[in-house]
1. Under 10 Å, Cα contacts only: if you run a Gaussian network model on the chain, which one of V31, V224, V116 comes out with the highest mean-square fluctuation?
2. Full extension from E215 to D240: what is 0.36 nm times the residue separation minus their Cα-Cα distance, to one decimal in nm?
3. What's the local net charge at L232, with K and R +1, D and E -1, over the other residues with C-beta under 11 Å away?
4. Taking every Cα atom in the chain, find the radius of gyration and the maximum pairwise distance Dmax, and write them in Å.
5. Full-extension gain between R108 and A29, please, as 0.36 nm times their residue separation minus the C-alpha to C-alpha distance.
6. Based only on the alpha carbon positions, what is the Kirkwood hydrodynamic radius of the range 107-241, in angstrom?
7. Please give the per residue accessible area of the chain, computed with a probe of 1.4 Å over protein heavy atoms only, in Å².
8. What is the spin-label model distance, in nm, from A250 to A10 if the labels are put 7 Å beyond Cα along the C-beta direction?
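The values are calculated or read from the model by the stated rules, or taken from the named source; none is laboratory data. Quick caveat: nothing in here was measured; it's all calculated off a predicted structure. Don't worry about glycine lacking a Cβ; one is built from the backbone with ideal geometry, like all the others, and counts go over all protein chains shown. Just the protein is used for accessible areas: all its heavy atoms, side chains included, with ligands, DNA and RNA removed. Shrake-Rupley method; radii C 1.70, N 1.55, O 1.52, S 1.80 Å.
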Amino acid sequence: MTELLPRPQAPWALRLVPPFPAIAHRILALVGQEDVSARELGDLVKMDPSFSAELLRFANSALFGQRGEVTSLARAIMRVGTDRIKTMATMVAMNRMVRSSVRVPALRKVWLHSLVTALIADEAARIAHFDRDSAYTAGLLHNLGTLGLMSAYPDEYSRLLEVSDNFGFDLLQTERDLFEIDHCAAGAYLAQDWDFPDELAAAIATHHDAPVMGEISLDNILKVSWRLADALEYAAFSPDKFWTHGELMAFLPNADASWLGHSSDEAQEKIESLLVNALG
């Protein structure tokens, strides 16, 4: 397990990043308490009508595997469970952050890549007997720094990606040259600033490190999952190294028991079915 480095001072490049919604903070705090009821959670979520509507939309999407329409918050919470509500609340908050800039093609690619990485991490955690909600959330938030920088500076970051791709520049170094911070460090800072677990912030900080054979940890599941998203043609930007589907599946135990391990074509078909209605 990678240890988290001390939190840096607030970088200037992150000052324009939208704050994490207060209602989402309150949901995560309430869910963290013992014996919280679906009614209590529902009453809290109802305090923000637009957040309630978004939460219901995600609860009814294929991303969460629901069958039949869920029309009440309490029923949605009972059906998916409180742990999944934490993930949904995080997803709604992230969607709000990128919504105003998602018209930018580069940001939409990053957001799609994050969703696909979350789906892959969830499945990878299932076959590895690891906590699925932690893995899903890590997948969703692994490019939090990219989303934050791009939501604050959509034109500048889009040009950065274009220049990096065209000239083969190292992405992290180019980010540091322009913003004095790379997206891994930016994501870890935002995760800590928004009071997410240190384990999650550490996984975000190190997700560009190479995966380790035989290691089952949040860090390693994330390192494999985002690279699998790239290998399945959901890359947000050009990687430093191209990994094949087969190479990456070797890092996951029990791969044959998963739709991930069958073939890259089957994995792509499964992901496309899960993405229905996810992007709004």
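1. Of the options given, V31 has the highest mean-square fluctuation.
2. Full extension from E215 to D240 adds 6.8 nm.
3. After counting each charged neighbour, the total is -4.
4. 18.1, 55
5. 25.5 nm
6. Hydrodynamic radius (Kirkwood, Cα pairs) of the range 107-241 is 14.8 Å.
7. 46 Å²
8. Each label point is offset 7 Å from its Cα along the Cβ direction, giving 4.7 nm.
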